[in-house]
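Here is the structure we will look at.
The values are calculated or read from the model by the stated rules, or taken from the named source; none is laboratory data. The model shown is predicted, which means the values in this text are computed figures rather than measured ones. All Cβ positions, glycine included, derive from the backbone under ideal geometry; neighbour counts span all protein chains shown.
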Amino acid sequence: MRLILAPMEGLADVYLRRLITAQGGFDRVVSEFVRVVDQVLPESVFYNVCPELLQGGRTDSGTPVRVQLLGNHLDALAANAQRAIALGSDGIDLNFGCPSKTVNRSQGGAVLLREPDTLYQVVRAVREALPAHLVVSAKMRLGYDDTDLMLDNARAIADAGATELTVHARTRAQGYAPPAHWHELARIRAAITIPLIANGDVWSPADYRACCHIAGTPDIMLGRGAIRHPDLAQRIRHNDETPMAWARLSGLIGQFWREVRRDMPEKYCAGRLKQWLNHLRAVHPDAERLWQKVRAERSLSTLDTLIRALEADPEGMAKD
């Protein structure tokens, strides 16, 4: 079993990576993507996306972090992969799954799933730029509009020398709409010889077991499930279906808010808190009640007061 925290652009930033991995259970984290165009990026870009590079490429709790690169310029990707490794990244991950229209218009992310040969060239360029013992992984979806090229894409990535492949069990056109098509992952598993990591709609230990059985792999990448259940990886390892208690989760919300307030520009703080609460309220009734209190609030001092009250009396704050 390997459990990996997914790269989620604009969501799984350093604050949530730190908080979630501190709950235990994760073997690795993949960072938000570093967008590569046609040049070697300055170190500051890598540190901005992946501050963990400043502490040996690990989160505060010791989980290795792998930098993800996005782009299609072969020489620039190879050079930036070398830079990321030099800065301390735990291998390199390549993004062939981002569904963003802006990214896809620039010939990055999931749009490359229309071109298996391009996938091969990108992976090969990065693989040849790095020593053989370093991991080059890739993340893709089942396809762009459909699954017609699914196996061709997976084979191209494997044949180019990738060490392992993560597949989000939806096409780009399917976005995040349920269900995730785990049965398609079994077809990919049978078509490649490198390890397959399954991704999509694992919200509980029961989902983990079902996904493993259907996809044929014990290795899972957790995305939104870990955002909504920060202890999900640990509960999967212990086969524990009991959700995190609100008193504990409210403490994590308070910790998250203090770190955001300390480090982020003030204009982004309220939105960052609301973004996470919007995910939490989907599965936690108390988070829904807290969301209703903060959703229209713009004053940071008022939010400070609300979060202090939450930590002092989680049950009362959620219900009054």
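Of all residues in segment 245-258 being touching a residue at least 60 places away in the same chain (Cβ under 8 Å) and exposed (fewer than 15 other Cβ atoms within 10 Å of the Cβ), which is nearest to Val14 (Cα to Cα)?
Filtering segment 245-258 for residues that are touching a residue at least 60 places away in the same chain (Cβ under 8 Å) and exposed (fewer than 15 other Cβ atoms within 10 Å of the Cβ), the one nearest to Val14 (Cα to Cα) comes out as Gly251.
Can you say whether Arg127 is in the same structural domain as Val34 (by TED's automatic domain parsing), crowded, with 19+ Cβ neighbours inside 10 Å, in a strand (DSSP E or B) and at pLDDT 95 or above, as far as the supplied structure shows?
On the way: in the same structural domain as Val34 (by TED's automatic domain parsing): yes; crowded, with 19+ Cβ neighbours inside 10 Å: yes; in a strand (DSSP E or B): no; at pLDDT 95 or above: yes.
In short, no.
Of these, Arg172, Arg114, Arg155, which one is touching a Pro at 6+ places or on another chain (Cβ under 6 Å) and of a type outside the set (Phe, Trp, Tyr)? Full working, then the answer.
Working: Arg114 fails: touching a Pro at 6+ places or on another chain (Cβ under 6 Å); Arg155 fails: touching a Pro at 6+ places or on another chain (Cβ under 6 Å).
Answer to the check: Arg172.
Restricted to segment 285-316, and to residues that are in a loop (DSSP other than H, G, I, E, B) and in contact (Cβ under 8 Å) with a residue 24 or more places away in the chain, which residue is surrounded by the fewest Cβ atoms within 10 Å (Cβ to Cβ)?
Just the residues of segment 285-316 that are in a loop (DSSP other than H, G, I, E, B), to begin with: 295-299, 313.
From the residues that got through so far, the ones that are in contact (Cβ under 8 Å) with a residue 24 or more places away in the chain too are 297-298.
Working: Glu297: 13, Arg298: 9.
Filtering segment 285-316 for residues that are in a loop (DSSP other than H, G, I, E, B) and in contact (Cβ under 8 Å) with a residue 24 or more places away in the chain, the one surrounded by the fewest Cβ atoms within 10 Å (Cβ to Cβ) comes out as Arg298.
Of all residues in segment 132-151, which are in a loop (DSSP other than H, G, I, E, B) and closer than 30 Å to Ala86 by Cβ?
Narrowing segment 132-151 to residues in a loop (DSSP other than H, G, I, E, B): 132-135, 144-149.
Result: Ala132, His133, Leu134, Val135.
In this structure, does Ala282 turn out to be in contact with a Lys or Arg (Cβ under 9 Å, 6 or more places away or on another chain), over 24 Å from Asp60 (Cα atoms) and surrounded by 20 or more Cβ atoms within 10 Å (Cβ to Cβ)? Show your work before the answer.
Values: in contact with a Lys or Arg (Cβ under 9 Å, 6 or more places away or on another chain): yes; over 24 Å from Asp60 (Cα atoms): yes; surrounded by 20 or more Cβ atoms within 10 Å (Cβ to Cβ): no.
So Ala282 fails the test.
What number goes with the only condition from (1) acidic (Asp, Glu); (2) loosely packed, with under 15 Cβ neighbours inside 10 Å; (3) under 20 Å from the mean Cα position of the chain (by Cα) that Asp207 does not pass?
In the conditions (1) acidic (Asp, Glu); (2) loosely packed, with under 15 Cβ neighbours inside 10 Å; (3) under 20 Å from the mean Cα position of the chain (by Cα), Asp207 misses (2) alone.
Need pairs with beta-carbon distance below 9 Å; first residue in the same structural domain as Arg224 (by TED's automatic domain parsing) and loosely packed, with under 14 Cβ neighbours inside 10 Å and within segment 164-188, second among the aliphatic types (A, V, I, L, M) and at pLDDT 95 or above; sequence gap 6+ or separate chains.
Pro179/Ala169; His183/Ala169; His183/Ile214; His183/Ala215
Can you name the residue in segment 25-65 that is touching a helix residue (DSSP H, G or I) at 6+ places or on another chain (Cβ under 9 Å) and of a type in the set (D, E, K, R) and, of all such residues, is farthest from Leu94 (Cα to Cα)?
Asp60
Identify the single condition in (1) buried (at least 17 other Cβ atoms within 10 Å of the Cβ); (2) modelled with pLDDT under 95; (3) not polar (S, T, N, Q) that Val65 does not satisfy, given that it satisfies every other one.
(2)
Give segment 1-50 a look and list any residue that's in contact with a Leu (Cβ under 8 Å, 6 or more places away or on another chain), surrounded by fewer than 17 Cβ atoms within 10 Å (Cβ to Cβ) and either at pLDDT below 95 or not in a loop (DSSP other than H, G, I, E, B) (or both), or say none.
Those that are in contact with a Leu (Cβ under 8 Å, 6 or more places away or on another chain), surrounded by fewer than 17 Cβ atoms within 10 Å (Cβ to Cβ) and either at pLDDT below 95 or not in a loop (DSSP other than H, G, I, E, B) (or both): Glu43, Tyr47.
Mind checking which residues of segment 231-241 are surrounded by fewer than 21 Cβ atoms within 10 Å (Cβ to Cβ), at negative phi and in a loop (DSSP other than H, G, I, E, B)?
Result: His238, Asp240, Glu241.
When you scan segment 150-161, do you find a residue that is crowded, with 23+ Cβ neighbours inside 10 Å, small (Gly, Ala, Ser), within 19 Å of Glu115 (Cβ to Cβ) and free of Cβ contacts under 8 Å to residues at least 40 places away in the same chain, even just one?
Yes.
With respect to Ala154, is the statement that it is in a strand (DSSP E or B) and either in contact with a strand residue (DSSP E or B) (Cβ under 6 Å, 6 or more places away or on another chain) or at negative phi (or both) true?
Working: in a strand (DSSP E or B): no; either in contact with a strand residue (DSSP E or B) (Cβ under 6 Å, 6 or more places away or on another chain) or at negative phi (or both): yes.
Criteria not met by Ala154.
Does Arg258 satisfy the condition of being modelled with pLDDT under 95 and either in a loop (DSSP other than H, G, I, E, B) or out of contact with any helix residue (DSSP H, G or I) (no Cβ under 7 Å at 6 or more places or on another chain) (or both)?
No; evaluated as a whole, the condition is false for this residue.
Would you be able to tell me the number of residues in segment 3-24 that are over 19 Å from Leu94 (Cα atoms), touching a residue at least 60 places away in the same chain (Cβ under 8 Å) and not small (Gly, Ala, Ser)?
The total comes to 6.
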